[in-house]
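Since the structure comes first, as structure tokens, the remarks are kept for the end.
The values are calculated or read from the model by the stated rules, or taken from the named source; none is laboratory data. Model, not experiment: these values are computed from the prediction. Ideal geometry is used to build each Cβ from the backbone, glycine not excepted, and the neighbour counts take in all protein chains shown. We work out accessible area using only protein heavy atoms, side chains counted, and drop any ligands, DNA or RNA first. Shrake-Rupley method; radii C 1.70, N 1.55, O 1.52, S 1.80 Å.
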Amino acid sequence: MATNDQADNQSNSRAGTIGPVGGVFALDQSSPCPLQLQKMVETVADRPLPQASKVNLMKLIASLSLATYPDGNSPSIASSAVALVKPIDAALHAAVINVDIPDVSNALSKYLLDLPYKIQEVEASSRKRGKDLLEAIAQEAMRAGVTLTTQELAAPPAFMGDTAAEQCRYFDICLVGWASDNETARMTAEAVVFGSGRPTLIFPDSAEVGVLDHVVIAWDGSRVAARAVADARPFLERASTVTVVTVTDEKPLPGHGIGERLALGLRTRGVVAGATSIQAGDRSIGIALQEHALGLGGKLLVMGGYGHSRVRDFVLGGATEDILTDLRLPVLLSH
């Protein structure tokens with residue numbers, strides 16, 4: 001039979017002490033001493049509370065790819081690029097892609113055509129055009145207070161688009177200027193959209209870009225459309241109005257009311273958003289979307305980029321082909 005002292009010891013053993021378990025103190029049955037328990041509680045109470053960990057907010061950086069050969073971007077691209085990044089508080093990285101023509105001359109071509117000299121002349125012209133573009137962008141960035149970094153790259157003619165796409169992978173958003181008579185700009189845009197892994201904002205390089213206060217989303221419920229919406233977040237957060245547009249007669253859709261469902265999700269996040277549906281009719285899908293966006297007063301169209309590369313020739317979806325052929329307003333494409 002246990003004495004009273006023995007019973008007290010057994011009771012004390014069951015009480016135990018307190019030890020830290022994930023920030024919460026749990027009973028530890030190994031110590032029989034209540035005095036140790038009191039001292040540990042007092043010691044823990046005297047300790048300062050842990051400070052909340054610091055959150056590092058990363059600044060967005062947009063990469064602008066500039067073509068210099070054979071058709072260079074217009075110098076007016078500078079003001080448009082700066083106008084696009086300033087509202088989203090992004091820094092700008094401008095990279096010119098100069099041409100580097102391989103020397104394939106032989107004795108006959110040197111004698112008859114003076115090919116090495118002509119190559120040097122073309123390359124020098126490309127570099128000068130690139131420096132002029134960078135200077136124009138530097139002036140615009142300084143005027144607007146936008147942080148700017150620059151880079152000069154060189155690539156053979158067939159790989160200039162690929163070079164642009166590769167350097168864009170180190171940034172958050174890609175910018176590409178577009179002009180109807182500039183095949184180089186279209187080639188660059190295709191390469192960046194499908195090769196960079198980053199959202200690509202294509203814009204008319206000779207037209208003034210206004211405030212992107214009304215964003216229009218082309219929504220079909222697909223994976224690439226969802227990716228585009230996520231990539232457009234910096235613009236959606238700052239827009240005064242967002243309109244979700246669904247084209248109902250172009251292809252089967254995954255359900256009814258998919259546009260309103262997306263708009264509801266955006267409203268839940270604090271965005272002023274609505275939804276509408278249209279029919280393309282006899283218009284191509286890309287033209288129908290652009291015309292409707294402009295009719296609504298839209299300043300930016302957000303859509304998924306459909307297509308893939310087949311032996312270096314891009315096979316594009318219908319809407320993407322329309323955008324790259326006949327761009328009418330800034331368009332954010334995600335692939």
Once amide H atoms are placed 1.01 Å from N in the peptide plane, what residues at a sequence separation of 5 or more from Gly305, or on another chain, have their amide H within under 5 Å of its amide H?
Ser334, His335
Take the alpha carbon atoms of the stretch 247-292, find their center, do the same for the stretch 128-175, and report the distance between the two centers in whole angstrom.
34
For the stretch 220-294, what ratio Rg/Rh do Cα atoms give with a Kirkwood hydrodynamic radius?
0.96
Please give the length that would be gained between Ser76 and Arg143 if that part of the chain were fully extended, namely 0.36 nm times their separation in residues minus their C-alpha to C-alpha distance (nm, one decimal).
22.7 nm
Calculated from backbone phi, Karplus (6.51, -1.76, 1.60) coupling profile of the stretch 75-92 in Hz, x at Gly/Pro
x, 5, 4, 4, 5, 5, 4, 5, 5, 6, 8, 4, x, 9, 6, 9, 7, 10
Once phi is turned into ³J(HN,Hα) by the Karplus curve 6.51 cos²θ - 1.76 cosθ + 1.60 with θ = phi - 60°, what whole-Hz value does each residue of the stretch 169-176 show in order, with x for glycine and proline?
5, 8, 10, 8, 9, 9, 10, 9
Ile278 long-range amide H proximity, modeled H, under 5 Å:
Thr246, Val247, Thr248
When ligands, DNA and RNA are left out and all protein chains stay put, how many square angstrom of accessible area per residue does the stretch 161-212 have with a 1.4 Å probe?
37
Apply the Karplus curve 6.51 cos²θ - 1.76 cosθ + 1.60, θ = phi - 60°, to the phi angles in the stretch 197-211 and return the couplings in whole Hz, x for Gly and Pro.
x, 10, x, 10, 9, 9, 9, x, 7, 10, 10, 6, 8, x, 6
If you take the beta carbon distance between Lys118 and Gln279 as r and set R0 to 45 Å, what does 1/(1 + (r/R0)^6) give as a FRET efficiency, to the nearest 0.05?
0.25
Probe 1.4 Å, all chains present, heavy atoms only: Val146 accessible area in Å², nearest 10, is 20
